[in-house]
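Coordinate-derived values only; no laboratory data. Bear in mind the structure is a predicted one, so any value in this text is a computation, not a measurement. Every residue, glycine among them, receives a Cβ derived from its backbone with ideal geometry; neighbour counts consider all protein chains shown.
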Amino acid sequence: MLQRLSVALHRCRASSLGLVRWVSSGSVNISEQLNFWAGERRSSTQKSNVENVYEPATGRVLCQLHECGPEDVNEAVNNAKSAFNCWSKMSGLERARILIEAAHIIENRREEIAQMEVVNNGKSITEARLDVDSARLCIEYYAGLASTLSGQHVQLPGGSFAYTRREPLGVCAGIGAWNYPFQIAAWKSAPALACGNAMIFKPSPVTPVTAVLLAEIYAQAGAPQGLFNIVQGGQETGRLLCQHSDIAKVSFTGSVPTGKKIMEMASQGVKPVTLELGGKSPLLIFNDCGLENAVRGALMANFLSQGQVCSNGTRVFVHKDILPEFVEEVVKRTKLIEIGDPLLETTRMGALVNRPHLNKVLSYVNQAKKEGANVLCGGEVFVPSDPKLKDGYYMTPCVLGICTDEMTCVKEEIFGPVMSVLSFETEEEVLHRANDTNLGLAAGVFTRDVRRAHRIVEHLKAGSCFINNYNITPVEVPFGGFKMSGIGRENGQVTIEYYSQLKTVFVEMGDVDSLF
Ligand SMILES: NC(=O)c1ccc[n+]([C@@H]2O[C@H](COP(=O)([O-])OP(=O)(O)OC[C@H]3O[C@@H](n4cnc5c(N)ncnc54)[C@H](O)[C@@H]3O)[C@@H](O)[C@H]2O)c1
Ligand SMILES: C[N+](C)(C)CCCC=O
């Protein structure tokens, strides 16, 4: 519980929900255990492999992470197996009741969860609240689907028939990235639990703090002990999960290179995988667009979460006729983005997740300059005036002009607040260039011509396409990638298929017609 974190409370304020506690950047220290199995927080048995966890806003050490080893993973998996035995036998409606209760608890604790997400991840409090809402909505959505899971009846000759049963897979592993720590844990656990599975979730070692809150919430909502467990650690703990003989499925969110390794490990046990990987998505802006909306769309496509979003439309192709107006407006608005303390209501861009990542993003900007791109704004370290934030990982959001298709900034996922603007002339040309990548997570088009919009979308090779908007992910709608951006989908009804399996039952109503 957050109350058990040694949090120095800075101030309190009354809200419509009651008293909301406020933490301030630089005031939080976490000494509680961050693993969770058998219904409570647990320490890892392994005393080596300790890593510092940082607060991006200040650069302070927030806590230390003790990586879980084989003993811990086995214990968590055994707990999950026992929980699975009882949870999988419950009706969908019984499971739904517990999921709905979990959603209520999240709603009541929205502010606390969001604040801890900010403290560990560095994104603005405004965005963190929306992430918590998305997590809650996802749990509510799958609670609604839990009681609808059903099979099929197939009539066969002579009165015989067959039916199918939709059954859970068993204990599933979830492995998360650091950019949406709480939301990713919910997007994986909600469909998994709704289908009757148990789950072991491993957060990124960079952002281990909030997933354990979700584990506590499920337990408080009435989930059986061991249903949703947290093991902390990095690649070695992840490997232990993927290779564990009692893990039935791996759902992974992260980079393409790690995704390939996960798939390879899962293949040894012929386990299904869901892979939500990286992107380098195109955003196509035609000269018949509503310019104001296109500019807003381009900002949403590039600067949410300090640009650390898998689906970001970082290759912004603008029709040559409107390029000057578009660039002028985008640069003007980008310069106005309020950077600073992510816990302040006025902040729109917080800190990047850690120092090495900030350096990596800055080096992409330098490389872009060397390759001939024009830095139209930003791309520099930002030091907020508040002295406690001076060691935080801030940079100014960057717009790169005169980009060409072969530049590194246009080819590689930067995962930071860097927009590359490119010019185009024809529909055919821009489609070819947009699809000229081995990634295919998302894509967007801004145009007022409805026929053009659908024609373009039909030809875009991407899992999520946006017409006249960008980066919205309602939980009712499937999300996932084409090509190397992934396998499988999260959210939407279809995800039920990724967390369940069909059993076919033949029923003979006559005699066995033997050939022997
Ligand atoms: N498509 C999506 O939905 C989506 C969402 C968020 C992030 N991402 C992608 O994630 C990347 C950024 O996240 P990241 O840096 O945390 O990714 P990452 O691949 O470095 O790590 C992701 C997770 O995998 C674990 N891991 C690393 N090596 C492993 C191994 N060998 N075996 C098992 N587990 C291992 C990490 O500890 C972490 O929990 C970006 O490429 C981004 O596009 C994709
Ligand atoms: C909610 N967003 C902003 C679309 C993010 C989806 C998850 C990808 O990183």
Under 21 Å from the Cα of LYS89, which lysines turn up, not counting those fewer than eight places away in the same chain? LYS81, LYS188, LYS249, LYS503
Can you compute the modelled spin-label distance between GLU167 and LEU336, with each label point 7 Å from Cα toward Cβ, in nm? 5.9
Cut-off is 10 Å between beta-carbons; in what order do LEU99, LEU422 appear when sorted fewest neighbours first? LEU422, LEU99
With 0.36 nm assigned to each residue of separation and the Cα-Cα distance removed, GLU236 to ASP513 gains 94.3 nm
Apply 1/(1 + (r/R0)^6) to the Cβ-Cβ distance of THR404 and THR346, taking R0 = 35 Å, and write down the FRET efficiency to the nearest 0.05. 0.40
For the chain, take N as its residue count and report Rg(C-alpha) divided by 2.2 N^0.38 Å. 1.02
Size of the dipole of region 358-453 about the Cα centre, Lys and Arg at +1 and Asp and Glu at -1 on the beta carbon, nothing else charged, in debye to 20? 360
Along the positive direction of the dipole of region 376-516 (beta-carbon charges: Lys, Arg +1; Asp, Glu -1; about the Cα centre), which of TYR393, ILE487, THR473 reaches farthest? TYR393
Percent of beta bridges antiparallel (DSSP, the chain, rounded to nearest 5): 50
Which value, in debye to the nearest 20, describes the size of the charge dipole of the chain about its Cα centre when Lys and Arg Cβ atoms bear +1, Asp and Glu Cβ atoms bear -1, and nothing else is charged? 640
Give the Debye-formula value of log10 I(q)/I(0) at each listed q (0.11, 0.14, 0.18, 0.22 Å⁻¹), with one equal scatterer per alpha carbon of region 147-218, two decimals each. -0.41, -0.54, -0.72, -0.92
Determine, for TRP37, TRP22, the number of other Cβ atoms within 10 Å of each Cβ, and report the residues in order from fewest to most. TRP22, TRP37
Which of the listed residues, SER147, LEU130, GLY313, is farthest toward the dipole's positive end in the chain, when Lys, Arg count +1 and Asp, Glu count -1 at the beta-carbon? LEU130
Kindly write out, for region 187-197 in residue order, the coupling ³J(HN,Hα) from the Karplus curve 6.51 cos²θ - 1.76 cosθ + 1.60 (θ = phi - 60°), rounded to whole Hz, with x marking Gly and Pro. 4, 8, 6, 4, x, 4, 5, 4, 7, x, 8
Just tell me which aspartates and glutamates come within less than 13 Å, Cα to Cα, of LYS360; anything on the same chain fewer than 8 places away is out. GLU380, GLU412, GLU413
Of all DSSP beta bridges having both residues in region 282-484, the percent classed as antiparallel (nearest 5) is 25
Here the relative contact order (percent) of region 455-516, from C-alpha pairs under 8 Å and at least 6 apart, is 21
Just want to confirm a number: the relative contact order over the chain, from Cα pairs under 8 angstrom separated by 6+ residues, in percent. 17
If you average the sequence gap of Cα pairs under 8 Å that are 6 or more apart and divide by the length of region 282-484, what percent do you get for the contact order? 27
So, in Å, what gap is there between the alpha-carbon centers of region 328-355 and region 499-515? 61
Classify region 17-162 from the C-alpha gyration tensor, please: rounded if a/c falls under 1.5, else prolate or oblate depending on whether a/b exceeds b/c. oblate
Can you compute 3J(HN,Hα) from phi for each residue in region 85-101, using the Karplus curve 6.51 cos²θ - 1.76 cosθ + 1.60 with θ = phi - 60°, rounded to whole Hz and x for Gly and Pro? 4, 8, 5, 5, 8, 6, 6, x, 5, 5, 5, 4, 4, 5, 5, 5, 5
Among LEU65, ALA373, ILE456, flag the residue with its Cα farthest along the positive direction of the charge dipole of the chain, charges on Cβ as +1 for Lys/Arg and -1 for Asp/Glu. LEU65
With +1 on each Lys and Arg Cβ and -1 on each Asp and Glu Cβ, how big is the dipole of region 282-484 about its Cα centre, in debye rounded to the nearest 20? 360
Segment HIS104-LYS390, extension gain: residue separation times 0.36 nm, minus the distance between their alpha carbons: 99.2 nm
For region 282-484, rounded, prolate or oblate, judged on the Cα gyration tensor with a ≥ b ≥ c (square roots of eigenvalues), a/c < 1.5 rounded, else prolate if a/b > b/c? prolate
Sort the following peptides by mean Cβ neighbour count (other Cβ atoms within 10 Å, averaged over residues), highest first: 455-463, 492-500. 492-500, 455-463
Order by protection proxy (mean Cβ within 10 Å, highest first), peptides 76-89, 297-310: 297-310, 76-89
